[in-house]
Amino acid sequence: MLVVIPAYQPDEKLKCVVEQINKQTEYPIIIVDDGSSAECQPLFAELENIATVLHHDVNKGKGRAMKTAFSYIYENYPHDEGIITVDADGQHLPADIISVCNMWLDNRDALVTGSRRFSGKVPFRSRAGNAITRSVFAAATGKKVYDTQTGLRAFSVSLIPTMIELKGERYEYEITQLLHCTRYKIPIIEVPIDTVYIKGNESSHFHAFRDSWRIYKIILMFISSSLLSFFLEWALANLINLFIIEQFTALSTTWRTLLATGVPRVLSCIFNYYLNRRLVFESNDRNSFWRFSVLAVLIYGLHYGLTLFFGYLFGPSLFWLSMICAQLIAYPITFVLQRKYVFKYKKKDIKE
């Protein structure tokens, strides 16, 4: 196993982490000085006796620091080795590091993480932030990961080319790793570890608002395209209903509903497909269009039936409410089916 420790403005806790790992294991250690100040350089120089230290001239972010270490490892170590990333602030105990490594050795095709249970005295921002991210991540991917922000992770060196290409230069890079694993069906195995916060986690460089937004915006891209498509379809349907259908009073309720929902649905589906393929799922699979089209027809049938049903309940004057009720039922189903069957990924697409 190879230990990667990204470090920015570290203190003596980094020295303690490295010495404990070196004492209890034989793992090679690669530290990345992510543009720390001159005051930190004596510490890095001292650690060069027991670890490899790489340097950034300026601060580039935790994600970029890990990618720098990954590149170095890929060029200098066998590809059947494993990597474990460890934080520099002393939050990961040697026993937990070893437990995660041992789990990876038994599951070399997986991403193995050290999962904190957030028991005991945990800063509110850490407890609340992880709870919110955990819930949003589960809704967006269908995969439950208890600790989405843990920095203790192990995976194969063979995955490095893919890991380097993943988007993200700072803390959002870690959530991108998890999203990648859910897309390509890479198992995520969580190993329970102790939750350690030293002096309220005051040494952490994680900024609650700024870095949480970087994380959440990646996840919310999964949801935003559906919302935009919904509002486009809802607006078009009401425009058609107001300016066109009202002029053709001889049409039956069934045909009025079919016209008011059919045209907007086709246009919103094209819009939704483009957004999901290019921005959300980032898929290059051309066959996804045909799967999307089949799904769109099936969902349209469901949506049409629901709109007709609510139309009878609410009456023509509340057509807008019928549309909203139908969408609230149909869109979650649409999203799940798109994620699972339309924009699906295969393990063979991963670069090694």
How much of the DSSP bridge set in the stretch 2-206 is antiparallel, in percent, rounded to the nearest 5? 25
With the convex hull built on the Cα atoms of the stretch 2-206, state its orientation-averaged projected area in nm². 10.7
Where a ≥ b ≥ c are root eigenvalues of the Cα gyration tensor, a/c under 1.5 meaning rounded, otherwise prolate if a/b exceeds b/c and oblate otherwise, the stretch 10-92 counts as oblate
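Evaluate Rg over Rh across the stretch 47-96, taking Cα atoms for both radii and Kirkwood's formula for Rh.
0.97
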Low-density loop GluC sites (Glu not before Pro), the stretch 6-58, at most 15 other Cβ within 10 Å, DSSP non-H/G/I/E/B, are 26, 48
Distance check, please: which entries in 15/143; 60/340; 167/340; 62/340; 144/340; 13/60 exceed 25 angstrom between their Cα atoms? 15/143; 60/340; 62/340
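Taken together, the values in this text are just the output of simple stated rules run on the coordinates, not laboratory data. Model, not experiment: these values are computed from the prediction. Positions of Cβ are generated from backbone atoms using ideal geometry, with glycine treated the same way; all protein chains shown enter the neighbour counts.
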